[in-house]
Amino acid sequence: MGQTILTPHQSQFLELVGQEPDLVTDYYFTGGTALTEYYLKHRVSEDIDLFTEKSEVNQAAIEVFLKKISAKLGVREISKSQYLGLFNYYLHFKDGSNLKVDFNYYPFPRIELGKKDKNIQIDSLYDITANKIQTIFTKPRSRDFIDLYFIYQKQPFDLKKLLIATKTKFDWPVDPLGLASQFLRAGEFGDEPTMILPYDKQEMTKFFLILANKLKDNIFQK
């Protein structure tokens, strides 16, 4: 797979997740860190996102697991927050560093299954891309545009088919005109992540302008 972008704490945590039968059965690794580690190597990402589509997060079981591995990881304290089905755990290490781990009930069936690493299911690039489309349509951040831009440099998915797949996954249509309007905002956001690979923000803005025009052309051709 080549050089890892994972920190030692991230890597050690995932190794221990991979040794836990119930977790590897129910959860898959997704989000920005999975995208960066397994597909793009383009930016720094700090959180570990573990999603399940099977059932609500078993908070008690998760906390038993976290307490069990704390000594091995050198964790001095664990704090948490919760919003609906999303449980955020903050591992505070003895060396002064921190790791945020999210366990999330995400009841949207994956479009396709990805590979496995460390015995953990890895979300497919196509599903992560569909998730990015949905996020950009609803509540985008700078990193979402950057991620989608880098995804398309590697794998230029058919946008029309991707929108259909996104609609199927989330059971909610992505309005092409609304998405085009969001694409035009690509250069507005300032909360940029720390990059590993350089990119030209003006080139990214032009890329999203082209995508927006393609969406508008498809609308008016109907």
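Here are the numbers for this structure:
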| read-out | value |
| --- | --- |
| Near pairs, Cβ below 9 angstrom, 6+ apart or cross-chain, from segment 135-151 (closer than 17 Å to PHE170 by Cα) to any residue that is among the hydroxyl-bearing types (Ser, Thr, Tyr) and part of a helix (DSSP H, G or I) | PHE137/THR166 |
| Answer residue from segment 172-184, given it is at pLDDT below 95 and under 20 Å from the mean Cα position of the chain (by Cα) and is surrounded by the fewest Cβ atoms within 10 Å (Cβ to Cβ) among those | TRP172 |
| Output for segment 76-113, where each listed residue is over 21 Å from PRO8 (Cβ atoms), charged (D, E, K, R) and either in contact with a Gly (Cβ under 9 Å, 6 or more places away or on another chain) or surrounded by 14 or more Cβ atoms within 10 Å (Cβ to Cβ) (or both) | LYS80, ARG110 |
| Residue match in segment 136-144 (condition: farther than 27 Å from PRO198 by Cβ, crowded, with 19+ Cβ neighbours inside 10 Å, assigned by TED's automatic domain parsing to the domain that holds GLN19 and modelled with pLDDT of 95 or more) | no |
| Hits in segment 52-69 (condition: in contact with a helix residue (DSSP H, G or I) (Cβ under 8 Å, 6 or more places away or on another chain) and not polar (S, T, N, Q)) | LYS54, ALA61, PHE65, ILE69 |
| Qualifying positions in segment 114-125 - crowded, with 19+ Cβ neighbours inside 10 Å and of a type outside the set (A, V, I, L, M) | GLY114, GLN121, ASP123, SER124 |
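The values are calculated or read from the model by the stated rules, or taken from the named source; none is laboratory data. Nothing here was measured: the structure is a model prediction, and the numbers come from that model. Cβ coordinates were reconstructed from backbone atoms using ideal geometry, including for glycine residues, and neighbour counts include every protein chain displayed.
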